[in-house]
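The values are calculated or read from the model by the stated rules, or taken from the named source; none is laboratory data. Remember, it's a predicted structure, so these values are computed and weren't measured experimentally. Glycine gets a Cβ as well: all are built from the backbone with ideal geometry, and neighbour counts include every protein chain shown. Just so you know, the surface numbers come from the protein's heavy atoms only, side chains and all, with ligands and any DNA or RNA stripped out. Shrake-Rupley method; radii C 1.70, N 1.55, O 1.52, S 1.80 Å.
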Amino acid sequence: MSEQIHKRRKRYKGTHPRSFDEKYKELNPEMYPETIEKVISKGSTPAGMHISIMVDEILEFLDIQPGQIGLDCTLGYGGHTSKMLEKLEGQGHVYGLDIDPIEIEKTTQRIRNKGFDENIFTSILTNFRNIDEVSEKYGKFDFVLADLGVSSMQIDNPERGFSYKKEGPLDLRLNPKMGKPASEILKELSKEELENILEENSDEPYADLLAKNIYSFIRSGMEVETTGQLYKIIDKTLNFIEDKNRKDLVNKTAARVFQALRIEVNQEFEVLYEFMEKLPEILKPGGRVAILTFHSGEDRIVKKAFKEMKNSGVYEDVCRNVIRPTKEECHRNSRAKSTKMRWAIKAK
């Protein structure tokens, strides 16, 4: 029998870890609850973890009763799902959808560890545009939740390429096993197409300049394969800005550019349109749906669909005024600041 080699935990220089894989305490929240609580209390999200947004408001509206059947269209870290399962008090079922094959396995196990077995919870690897297929197999639902935000686990992991803040491959795919990464898609876009993507997906005010420079950079044979390379182009494009807050303005622009590309890579608007169209058919009469959006493009689609279907009698009531997270929640979780919640109730 060969002797097992002991591998020492990777150490980091200084007093605080800098890279994602060095944050071993944050990546093991069950083992280090005090560390996690300390990070959260400072208004930050622990690496590799996702803090669910507007849980109280969602639960209050959905009014979940024991025995009901629910659908979480965007399972993510499983925070919303866990709270909905608690409301069932052991009776009923919640189905959770996710397109990310990496995170869905972790989340399923996380929920199982909380005591929710296959009799009350089922996870399904699929895009939420396929809710009609899910409903055809499992029936219609009493309550539905769709949290359209990208999970912190994806944003924080540099290997996924979702953030300009961390060096990594320019990927941006929610399912890294499907489709093309952002770096490949950028090579296929014309300057006009890229400009339209930046304008439509993130209301980018410098869309024309950015599209021109990114397009020229790629066509000259230079590589835009990493998050850092794209950030440098954005920074250089805005070199005319002499404002004292220039760095902050560049970062906000980079966030919009990455958002616009992520939406394009994952066809998020097309998926959302399809979801909103199919949604009424999977709800039971009187069924309730809550949707969290995180930018104006998403919110416009949801607002318009709810309004039109209310006017046509599909929904008996819809949210008239958008619901926002409390100041306390935004302070506790900075990623909640852009969140908007809208809801609808299916006509009986």
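A few points about this structure:
- ILE51 accessible area, assembled protein chains, probe 1.4 Å, Å²: 30
- Count, lysine Cα pairs under 27 Å in the range 121-181, 8 or more residues apart or across chains: 5
- Packing, taken as the mean count of other beta carbons within 10 Å per residue, orders the peptides 213-219, 289-295 from highest to lowest as 289-295, 213-219.
- Only Cα pairs under 8 Å and 6+ residues apart enter the sum, and on that basis the relative contact order of the range 225-348 stands at 27 percent.
- Ligands, DNA and RNA aside, PHE306 has an accessible area near 10 Å² when probed at 1.4 Å.
- Karplus-derived 3J(HN,Hα) values for the range 117-129, using 6.51 cos²θ - 1.76 cosθ + 1.60 with θ = phi - 60°, are 8, 5, 6, 10, 9, 10, 9, 9, 7, 6, 6, 6, 5 Hz; glycine and proline are entered as x.
- Where ILE102, ILE111 fall by accessible area, highest first, once all protein chains stay in place (1.4 Å): ILE102, ILE111
- Cα convex hull volume per residue for the range 249-348 (Å³): 112
- Counting only protein heavy atoms and using a 1.4 Å probe, the accessible area of ILE99 comes to about 50 Å².
- A 1.4 Å probe over all protein chains sorts ARG320, ARG160, ARG129 by accessible area into ARG320, ARG129, ARG160, starting with the largest.
- GluC sites (Glu not before Pro) lying in DSSP loop within the range 240-324, provided at most 12 other Cβ fall within 10 Å: GLU242
- For the range 179-271, the relative contact order works out to 40 percent when only alpha carbon pairs closer than 8 Å and six or more residues apart are counted.
- For the set GLU199, GLU133, the ranking by accessible area, highest first and with no ligand, DNA or RNA atoms included, is GLU133, GLU199 under a 1.4 Å probe.
- Sum of side-chain charges, ILE263 neighbourhood, beta-carbon under 11 Å (Lys, Arg +1; Asp, Glu -1): -3
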